[in-house]
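Bear in mind these aren't lab numbers, they're just calculated from the coordinates by the rules spelled out. Being a predicted model, the structure only gives us computed values, none of them experimental. Cβ coordinates were reconstructed from backbone atoms using ideal geometry, including for glycine residues, and neighbour counts include every protein chain displayed.
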Amino acid sequence: MYNFEFTKPATIADAVAALGQDDAQALGGGQTLLPTMKQRLASPGTLVSLNAIPEMIGVCVNDVGEVCIGGATTHAVVAREAAASYPALAALASHIGDPAVRNRGTIGGSLANNDPSACYPAAALGSGATIKTNLRDIAADDYFQGMFETALEDGEIITEVRFPVPHKANYQKFVQPASRFALVGVFVAKYADGVRVAVTGASSEGVFRWAEAEAALSANFSKSAVEGLAAPEGAMISDLHGTAEYRAHLVKVMTGRAVAAAG
Amino acid sequence: MPKDHGIGASSKRREDVRFLTGRGRYTDDINLYGQTYVHFLRSDVAHGRLNAVDTSAAEAMPGVIRIFTGKDFEGVGGLPCGWQVTDRHGQPMQEPPHPVLAQGKVRHVGDPIAAIVAETPAQARNAAEAIVLDIEELPAVIDMKQALSPDAPKVHDDLTSNLCYDWGFVEDNKGAVDEAFAKAAHVTTLELVNNRLAPNAMEPRVAVGDYNPGTDDSTLYTTSQNPHVIRLLMGAFVLGIPEHKLRVVAPDVGGGFGSKIFHYAEEAFCTFAAKQIKRPVKWTSSRSEAFISDAHGRDHVTKIELALDGDNNFMAIRTETYANMGAYLSTFAPSIPTWLHGTLMAGNYKTPLIYVNVKAVFTNTVPVDAYRGAGRPEATFQLERLVDKAARELGVDPVDLRRQNFITTFPYATPVAVEYDTGDYNATMDQLLTMIDRDGFDARAAKSKAEGKLRGLGINCYIEACGIAPSALVGQLGARAGLYESATVRVNATGGIVVMTGSHSHGQGHETSFAQVVADMIGVPEAQVEIVHGDTANTPMGMGTYGSRSIAVGGSAMVRATEKIINKAKKIAAHLMEASDSDIELKDGQFTVAGTDKSVAWGDVTLAAYVPHNYPLTELEPGLEETAFYDPNNFTYPAGAYACEVEVDPETGKVTLCSFAAADDFGNVINPMIVSGQVHGGIAQGVGQALLENVSYDENGQLLSASYMDYAMPRADDLPFYQVDHSCVTPCTHNPLGVKGCGEAGAIGSPPAIVNAVIDALHRGGMTHVGHINMPLTPARVWAAMQG
């Protein structure tokens, strides 16, 4: 790790100001950034911690029934505090990494990083969440723009994520044996106006919606509706943990299981 | 009732008090006055010509003391290989030099090029980034069969090819073996890979070199399983320092599994550099560095065949194995696929004819050497998968086929040069079957099926050769070392006992189990016996701990030294009680004169030895300290039967271990709790090999599995609760404790059980086209196999 400056602002305004400096980098829970820095693959001049901004921490339900999670809220807090309001989301949060990761890693950090194998992008896209930043509201459908790519501008901070609560939802993760990230993870959510299916881990383009499954499930929300589908096409990842063909197959299996588990 | 102390008692591990309370003293805990830190700049290409190393900018960096390159080692020896294998044609293996720092070429990702010594670790690392390398990248050879093609790039330019040796065993049997195959009623053939593993001891390697200009003494603190071996190899072959000017200390060591047997470049470097700069030099490996600098294990590609007669008797076994040596010969690398592998190919079976061919190959990968089991897991895996496949092809019960071919009379001389002294393979199989409720399997399989899972049962046997090894024999086989062990037993004036052993404990619990033996022999509390190990300055020349040898060889040396102590103590006691030596009996720490009520206590005798006022000084020296060296006259042969049940998810290929049972015959057992723990850990590593772990290179020699993000270690939730049993005992006939050793059994016996179970599950699920799946049986591989 190279030397760096460290600042821990208490307000969003101060954080935005600090991120305006040259070579400044936002720090969420640091679960990706710090290992990268230890490997000397990243060398920010200043780390701006977002973990001491009270308005960015916590889980609540707003007037329209959305579950609102502060950008600096840890996975452990989401697992605990969203359990009643959005059980599928809480369950997803409770299976990210291990206890140490869940007590450091944040939802904003995960979404800003947009790792192609991370769990939260599937929940946000699968729920049609709104990513609120210090500048604007971004619909999940516009937010994810490929592996490690998002709609965020430099210095833009995720302050909150708002999840419309579906009638039914479930997340199924098939873990990569070593990292236990998602080899394939599928988030299925049934809303009044249709079903959303978001897939993480599988595609080299990052999280994506599986349109054929959404159509089939919107017509008939049952595992059998998925079984009739061909495995999704697209730029599936092929690596030492699984071929593209295997990942595509798993997408279908995990989608079916998520539907079954959603009830 | 179980014993509560001494031999056979599950005494609690005394070393755990310090290990579990953070009071262990590991090599990284050692920090010396004026210490400097070294960072190794390592090759990031697998194969390249090292045209230039420009250190000028780096030398000017803050905190840099000195930068070393291969040039600094031109007058210094290379890392030696401790075993010379002779090939099928009577020629010695090809043995390339192994420089401490790369000279002329780099040969694997991780090959050290330069060593930067600085005031802090960060300064050393910063300076490394300022070194300018001119490396002309060359095509790398990764695949062993490709490495042997005539036009393959050569890892070592001065060798005739990438073939280290082509070994035939027993070469004279080859014709008879081929003839048996020609006459066989049935031949079963299996091609398989024994996957390459990274050892991953919990404590990464560390070395601290120190030099005292006032005395010209060098000291190396290192994470080693055998400090005397390191002193000998490094002193005599690399640095030219005689033993009396070189001390090697291996303090608390957090696991080795073989990877800390070998003499590594970093150890030699720290010792060498400390003398050059006259300050201590410390290196602490990172986990990332460990993946590319610790010797790997396994990595065999094998074709094995079994010939059976019309009555399903095994007639002959024939194997052809390609064994990866990596880029250089690590300390004991040549012996692993040969003498620790070929000699085990008889397994538990009375196969009269066996021929083993092994081609050892250089590739542009990290060197490969012993890893828990070392050659024996490879032999067991081949054989037990092969027998299972044969049973399936013949439509016979795999247990019955094994029993029919078991060796049942002992001693038994195998056709592969070893003689099993004792064993009872039916007894361990019987014991296993009482543990696993085989009759209930169908009901369990039906329950699994109702839940959408395929259930399978895998059973196998194993045998290993431990208690390594008779020195004269291994000398004939090419070892450049003896394999005895030593112990000094020092009795203090007030009766306390210190045992200085050449064995080394790095998780095995010797401080507890060795004390149990001595306490039992003399009849004193275990707490009165202290075990000292790991420092060449205060222990007799020993060969260290590996190959499940410590209790069988080190324990035997300790018994012999303790017997000498008892003999002398009896003479002193006889003098004190004015009786004849031959009438003295020792029991529960009391010396008595047979047939009388006379007695003196242990402490009376030990005090007399050091305060010899009333003492037979004309016949006996004062003091009570004895040393023994023990050289075994055979290997020991632990054996057993293992079983596991798995569930396979037919939709995803995921394998779940449902149960695991191990019935072992370790001979006599000193501490059953410690033995169970050894089996538990061994099975965990076997599960890792069978289901999770794999060192994976791309075709350019880049390591794909270079961190825990991609190298899957077994975790607690990957494992079922084990049933382990070691109540079947056929004591070893040739060592004083009747012990065989238990350290590697779990890792040897478990992989075939798991793979057999998965294949069984798939066949029961109708996927009879699946003959074999190469380890690790990841979900992706199992699913792919199911697709046909």
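General observations
- Viscosity 0.692 mPa s, temperature 37 °C, Stokes-Einstein D of the protein assembly as shown from Kirkwood C-alpha radius, µm²/s: 104 µm²/s
- Stokes-Einstein D (µm²/s) once Rh is taken as the Kirkwood radius of region B:201-290 over alpha-carbon pairs, at 10 °C in 1.306 mPa s: 123 µm²/s
- Taking only the Cα atoms of chain B, the ratio Rg/Rh comes out at 0.99, with Rh defined as the Kirkwood radius.
- Region B:484-630 - Debye-derived log10 I(q)/I(0), Cα point model, q = 0.09, 0.13, 0.15 Å⁻¹: -0.28, -0.56, -0.71
- Dmax and Rg, reported as Rg then Dmax, of region B:298-390 (C-alpha, Å): 13.9, 47
- For region B:647-729: span of alpha carbons on each principal axis (Å, largest first): 50, 32, 18
- Percent of C-alpha pairs per 10 Å bin, chain A, short to long: 8, 32, 36, 19, 6, 0
- Dividing the convex hull volume of the alpha-carbon atoms in region B:341-438 by its residue count gives 148 Å³ per residue.
- Under the combined filter of DSSP loop state and at most 11 neighbouring Cβ atoms within 10 Å, region B:541-599 retains these GluC sites (Glu not before Pro): B:Glu578.
- Scaling the Cα radius of gyration of region A:5-49 by the globular reference 2.2 N^0.38 Å produces a ratio of 1.12.
- Debye intensity ratio I(q)/I(0), log10, region B:54-138, q values 0.24 Å⁻¹ (C-alpha model): -1.18
- Residues considered: A:Ala202, A:Ala90, A:Ala192. Largest GNM mean-square fluctuation over chain A, using C-alpha springs under 10 Å, is found at A:Ala192.
- With neighbours defined as other Cβ atoms within 10 Å of a residue's Cβ, the residues B:Asp294, B:Asp172 order from fewest to most as B:Asp172, B:Asp294.
- Every Cα-Cα pair of region A:56-163 was included, and the share exceeding 19 Å stands at 34 percent.
- Relative contact order (%) - region B:484-630, alpha-carbon pairs under 8 angstrom, separation at least six: 32 percent
- Cα-based shape type of region A:13-107, given that a ≥ b ≥ c are square roots of the gyration tensor eigenvalues and the cut on a/c is 1.5: oblate
- Whole-angstrom gap from region A:47-65 to region B:193-265, using each part's C-alpha centre: 53 Å
- Average 1/r across all pairs of distinct alpha carbons in region B:461-533, invert it, and you get the Kirkwood radius: 14.3 Å.
- Separation of region A:132-211 from region A:1-41 is 24 Å, based on Cα centroids.
- Rh (Kirkwood; distinct C-alpha pairs) - region B:150-276, Å: 18.8 Å
- Taken over region A:168-262, the alpha-carbon convex hull comes to 79 cubic angstrom per residue.
- Viscosity 0.692 mPa s, temperature 37 °C, Stokes-Einstein D of region B:601-690 from Kirkwood C-alpha radius, µm²/s: 174 µm²/s
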